[in-house]
Number of protein chains: 2
Amino acid sequence: MESRIDRIKKHLHSQSYKLTPQREATVRVLLENEEDHLSAEDVYLLVKEKSPEIGLATVYRTLELLAELKIVDKINFGDGVSRFDLRQEGAAHFHHHLVCIECGAVDEIQEDLLGDVEKVVENDWNFKIKDHRLTFHGICYRCQKQEDPEQQEQAANHS
Amino acid sequence: MESRIDRIKKHLHSQSYKLTPQREATVRVLLENEEDHLSAEDVYLLVKEKSPEIGLATVYRTLELLAELKIVDKINFGDGVSRFDLRQEGAAHFHHHLVCIECGAVDEIQEDLLGDVEKVVENDWNFKIKDHRLTFHGICYRCQKQEDPEQQEQAANHS
DNA sequence: CTCCGTGCAAATTCTTTGCAACGCA
DNA sequence: TGCGTTGCAAAGAATTTGCACGGAG
């Protein structure tokens, strides 16, 4: 079976880019930490564990390249750092995020919740939507539990 | 009648902050350019026209303060720069944005389109929403016109 | 007098760039 | 050989911090 790495490799080749060892190491780190919204520096440190010779600039260049090819999305949660998130394969749109203002955790919502909203925007504002970014800020189910020890269960059955 | 500046002044006072001349000048610039999503540097340059002695650091400190008090929102469209946007008075939630990938224009949607979506998120993910950020990337009505001279009218009747 | 707020310059942080060297076609 | 890619160091851009001064209560 064709692996995700293989498909990314083809994607690069189709634009005459190569999947060099450094790029592959970077992609692997992203795959292994798919839920984690790593910053460039995070990625660099993780790649460095396996491939100590790599340079930070290369990681930046690789991430930029992957973003350009829409293999990853570059996101920004308001701290001054860009974070990088693998796209779901074949996903037309970017997934959504839940940022907890208590503990800082970032959860993902893969389902597209915006179908109806996008119709409204396209019709009423005559805006041709290509992509979207939706982030909710609030309190995650873990922190809610801590605040109110009564309340338990529910949630977490989506990721 | 009480002006918007007066209410902001009270808001500051209620937290034992003062509306100094520098802060007032900064707020005025934001009020006069409410649609423009200015960067800190933009604000600085505009404030400087009226109050040349002001320092860039002061503008940063003021904007940070205003963001903390939820008078402005700090937003980030993916270029490396933070932009600042006055909140609508009394708005519980942040308004939405339409970013044109052709011309870079940023339009605002003041209506809250996310009521239903938020219900789903709160119920299904057990996430207590405090705020949200929604940005659409696509092509604005102006650029669509240019690409297809046939199509005219519509839109712009919302801002 | 005491603080809060300020200007300026220096420091930090994140990211990009210049350039010589490398490696595969 | 030729060109895309890399590492390192330097440059750059945005933002923050240290510090002495100034003004209102």
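The values are calculated or read from the model by the stated rules, or taken from the named source; none is laboratory data. Remember, predicted model here, so these are calculated numbers, not experimental data. Cβ atoms come from the backbone with ideal geometry, glycine included; neighbour counts cover every protein chain shown.
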Sole miss for B:Gln15 among (1) modelled with pLDDT of 90 or more; (2) surrounded by 14 or more Cβ atoms within 10 Å (Cβ to Cβ); (3) within 12 Å of DNA strand C (Cβ to nearest atom); (4) closer than 30 Å to A:Thr135 by Cα is condition (2)
(1) out of contact with any Lys or Arg (no Cβ under 7 Å at 6 or more places or on another chain); (2) surrounded by fewer than 16 Cβ atoms within 10 Å (Cβ to Cβ); (3) in a helix (DSSP H, G or I) all hold for A:Pro52 apart from (3)
Output the residues belonging to segment A:43-72 that are without any contact (Cβ under 8 Å) to a residue 40 or more places away in the chain and near DNA strand C (Cβ under 10 Å from one of its atoms). A:Tyr44, A:Gly55, A:Leu56, A:Ala57, A:Thr58, A:Val59, A:Tyr60, A:Arg61, A:Leu63, A:Glu64, A:Ala67
Going through segment A:60-93 in order, the residues found to be polar (S, T, N, Q), in contact with a helix residue (DSSP H, G or I) (Cβ under 9 Å, 6 or more places away or on another chain) and within 11 Å of DNA strand D (Cβ to nearest atom) are A:Thr62
Tally up the residues in segment B:10-29 that are under 15 Å from B:Glu68 (Cβ atoms), touching a residue at least 24 places away in the same chain (Cβ under 8 Å) and assigned to a helix (DSSP H, G or I), please. 5
Name the residue that is surrounded by the fewest Cβ atoms within 10 Å (Cβ to Cβ), counting only residues in segment A:30-43 that are out of contact with any Ser or Thr (no Cβ under 9 Å at 6 or more places or on another chain) and outside any loop (DSSP other than H, G, I, E, B). A:Glu32
